[in-house]
Amino acid sequence: TESAEDISIYPNPNNGMFNLNFSNVNGNVNYQIYDTKGSIIVDENIFTNGNTVKEISLNLVPGVYYVKLITATQTVVEKLVIE
């Protein structure tokens, strides 16, 4: 059985340096990081073959952000806390 596509963020909370871990995600993925006002900070496409770790380093003011992962089959949103 194919398990659900998943995104995990670690460490979370973090200081702007973190990893996006894509599990069971294949093909082209668009990921967006945006703030609570909906302003997009990052909008990138990557290609992942099953499991991929993307290192991210951002200079963000502390607060709550969201990471949206858009794949061919679904959209996943995870909360990201910058302290």
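Between ILE33, ILE56, ILE70, the GNM of the chain built on Cα springs shorter than 10 angstrom shows ILE56 fluctuating the most.
Per residue, how many Å² of accessible area does the chain show with a 1.4 Å probe?
Details: 4920 Å² over 83 residues.
I get 59 Å² per residue for the chain.
Springs between Cα atoms under 10 Å define the GNM used for the chain, and in it the highest mean-square fluctuation of THR71, THR48, THR36 occurs at THR36.
Using a probe of 1.4 angstrom, how much of the accessible area of the chain is carbon and sulfur, in percent? Intermediate values should be presented prior to the final figure.
Values: 2250 of 4920 Å².
Carbon and sulfur: 46 percent of the exposed surface of the chain.
The values are calculated or read from the model by the stated rules, or taken from the named source; none is laboratory data. Computed from a prediction, not measured in an experiment: that's the story for all the values here. Surface accessibility is based on the protein's heavy atoms, side chains included, excluding ligands, DNA and RNA. Shrake-Rupley method; radii C 1.70, N 1.55, O 1.52, S 1.80 Å.
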